[in-house]
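This report refers to the structure that appears directly beneath it.
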Amino acid sequence: TQLYFWIFLLIALLLYGIFYRKRTGRSIYLFLISLFFYYKSGGYFFTLLIISTLTDYFAGYRVYHSKHKSSRRFYLILSLCVNLGLLGYFKYAYFIADNFQALTGHVVEVKNFLALWTNQLTGSHFDVDRIILPVGISFYTFQSISYTVDVYRGKIRAVGNFFDFAFYVSFFPQLVAGPIVRAAQFLPQVYARYQLTIRQMGHALFLIANGLVKKVLISDTISIHFVDRVFDAPMAHTGFQNLLALYGYALQIYCDFSGYTDMAIGVALLFGFRLPINFNSPYKAVNLTDFWRRWHISLSSWLRDYLYISLGGNRKGRVRTGVNIMVTMLLGGLWHGASWKFIIWGGCHGLGLLIQKSVQSVFRGKRRPRRLGRFLAIFATFHFVTLLWLVFRADSVRSARIMLQQILFDFNFKLIPDIVFAYRYVLVLVGIGYLVHWLPSRLKEWYRGRFIRLPLLVKALLFIVLFFILYQVKSTEFQPFIYFRF
């Protein structure tokens with residue numbers, strides 16, 4: 001959402017014209033500009049990206065070419081240890097140390113060894129007493145792991161050219177916040193000729209525009225002017241305001257994350273690469289299973305294929321299936337952050353899934369619900385998910401409890417008209433956001449198709465108008481994407 005990114009993208013696309021016809025040159029070029037992009041986003045942490053890339057390229061190659069199962073398993077374990085070790089250290093070191101101290105009373109000092117070694121090697125002066133979470137590490141780590149596991153399972157061949165693999169891991173549009181791309185989906189495109197039709201370019205521009213509107217116009221506006229104020233001081237606001245903020249955050253996080261994904265898919269398409277869909281109107285879900293098929297699809301499918309199924313899935317009886325679901329959702333919650341509130345959030349989703357499956361087993365064979373039943377199912381699922389966003393967004397479990405108490409015991413009905421009038425513009429924006437989200441898919445496809453078929457000059461004029469509007473509403477304070485912190 002910053003001007004310098006779009007300048008970078010323009011220059012990257014112009015230079016791409018030199019390299020796009022030859023596969024190796026294209027891979028090297030895109031790998032180098034992706035490294036540059038990550039360096040500007042995450043500083044010296046780009047060395048972690050290189051470590052993961054080298055490890056999994058080597059491990060995947062050895063897994064594929066080793067003749068003995070024990071040797072193949074050794075290199076798979078090596079890949080898992082390096083990737084999960086780096087992720088665990090940089091993301092969970094403080095969490096583990098704090099909980100260890102709480103349980104045993106022993107103080108554990110946490111050191112940033114990467115900063116320490118960098119200082120020793122280069123003479124720099126990075127702070128060694130503080131560990132900073134590298135941007136995007138949760139995403140590219142899972143992406144890199146999936147490659148080694150798929151090679152081990154025999155689903156794909158190992159990549160021979162290092163730069164082809166390095167480009168796959170580091171491709172900058174989705175590097176820092178997904179979607180998490182499987183090698184089986186992406187690598188065939190690396191070996192294919194570049195292709196971008198006029199229709200595909202129109203689709204790419206539509207996704208970029210759609211993502212900017214979601215992020216800048218909707219998500220950032222309701223965040224700055226309402227949601228953040230309430231979550232920062234829930235006691236200073238009535239229960240009605242707390243409830244509105246909760247509904248606002250449900251829309252904010254969707255528009256923020258799906259907006260990033262839309263732009264990532266659109267930018268990747270301009271370079272000739274197709275990334276998988278990551279959101280499919282999640283608040284239309286009729287149950288929690290349906291929600292996780294629509295929300296952050298690349299993560300939920302990753303957890304299903306590489307964790308849930310590896311644990312046994314639903315193949316080992318009802319009790320074991322329930323345990324596997326809970327373990328998967330607890331770890332899925334922990335993936336989002338090193339805090340008990342995320343574990344609680346994941347655990348509640350797991351419990352909800354277990355209840356849903358129990359209810360479905362009772363009513364198995366019954367007719368599917370009609371319109372009223374479907375509406376009630378969507379209504380209940382949306383409110384269950386939204387209630388859990390309270391735990392996800394609140395600064396702490398205590399803060400979440402305070403907000404819930406405000407909603408239940410300090411609603412203050414008399415002030416509702418004044419509150420609605422005071423925040424009328426934000427509430428109208430929230431209403432429009434939900435209305436568009438719940439539009440029928442056919443209608444969304446219709447206006448997307450209409451935009452794609454517009455002449456290029458008309459598209460350009462629409463983008464000028466869009467940028468002018470976004471410039472007017474954009475906050476002077478930079479609003480990072482929510483999932484950058486994960």
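Quick note: the coordinates plus some simple rules give every number you see, no bench work behind them. All values reported here derive from a predicted model rather than from experimental measurement. Neighbour counts are summed over all protein chains in view; Cβ atoms, including those assigned to glycine, are modelled from backbone coordinates with ideal geometry.
Couple of notes before you dig in:
- Simple label model, 7 Å out from Cα along Cβ direction - A97 to V436, nm: 4.4 nm
- log10 of Debye I(q)/I(0), alpha-carbon scatterers only, for the chain at 0.07, 0.13, 0.14 Å⁻¹: -0.41, -1.49, -1.66
- 3J(HN,Hα) along the range 124-134: 6, 10, 6, 6, 8, 9, 9, 9, 9, 6, x Hz, from the Karplus curve 6.51 cos²θ - 1.76 cosθ + 1.60 with θ = phi - 60°, whole Hz, x for Gly and Pro.
- The relative contact order of the chain, computed from alpha carbon pairs under 8 Å that lie at least 6 residues apart in sequence, is 18 percent.
- The base-10 log of I(q)/I(0) for the range 120-171, evaluated at q = 0.14 Å⁻¹, reads -0.57 [Debye formula, identical scatterers on Cα atoms, solvent excluded].
- Placing pseudo-labels 7 Å out from each Cα toward the beta carbon at Y191 and F19 gives an inter-label distance of 2.1 nm.
- For the pair K316 and V107, the difference between a 0.36 nm per residue extended length and the Cα-Cα distance amounts to 71.1 nm.
- Three-way shape call for the range 162-227 based on the alpha-carbon gyration tensor, with the a/c threshold at 1.5: oblate
- ³J(HN,Hα) computed for each position of the range 174-183 - Karplus, 6.51 cos²θ - 1.76 cosθ + 1.60, integer Hz, glycine/proline x: 10, 5, 9, 8, x, x, 6, 9, 7, 4
- With the cut-off at under 12 Å, measuring from each backbone N in the range 49-65 to a point 7 Å along the Cα-to-Cβ line of L121 picks out 49-52.
- Annotation: extensible slack from V362 through I464 equals 31.1 nm (criterion: 0.36 nm per residue apart, minus Cα-Cα distance).
- Along each principal axis, taking the top coordinate minus the bottom one, the Cα set of the range 328-455 gives 52, 50, 32 Å in descending order.
- Shape class of the range 420-476 from the Cα gyration tensor (axes a ≥ b ≥ c, square roots of the eigenvalues): oblate, since a/c reaches 1.5 or more and a/b does not exceed b/c.
- Rounded to the nearest 500, the helix-only mean residue ellipticity at 222 nm of the chain stands at -22500 deg cm²/dmol, with each DSSP H run of n ≥ 4 adding -39,500 (n - 2.57).
- Taking a point 7 Å from the Cα of D232 along the Cα-to-Cβ direction, none of the residues of the range 404-430 has its backbone N closer than 11 Å to it.
- About its Cα centre, the range 336-465 has a charge dipole of approximately 860 debye under the convention of +1 per Lys or Arg Cβ and -1 per Asp or Glu Cβ, with nothing else charged.
- Computed over the range 1-116, the alpha-carbon pair-distance distribution with 10 angstrom bins reads 11, 25, 27, 24, 10, 3, 0, each value a whole percent.
- Global form of the range 68-176, assessed from the alpha-carbon gyration tensor, a/c cut-off 1.5: prolate
- The residues packed around V110, meaning those with a beta-carbon under 13 Å from its beta-carbon, carry a net charge of -1 if Lys and Arg are +1 and Asp and Glu are -1.
- Pairs with C-alpha atoms separated by more than 24 Å, drawn from the list K22/K215; K284/K357; K91/K155, are K22/K215; K91/K155.
- Charged neighbours of S358, selected by a Cβ distance under 12 Å, balance to +3 (K, R count +1; D, E count -1).
- Per-selection Kirkwood Rh - the range 334-387 (Cα, Å, 1 d.p.): 13.0 Å
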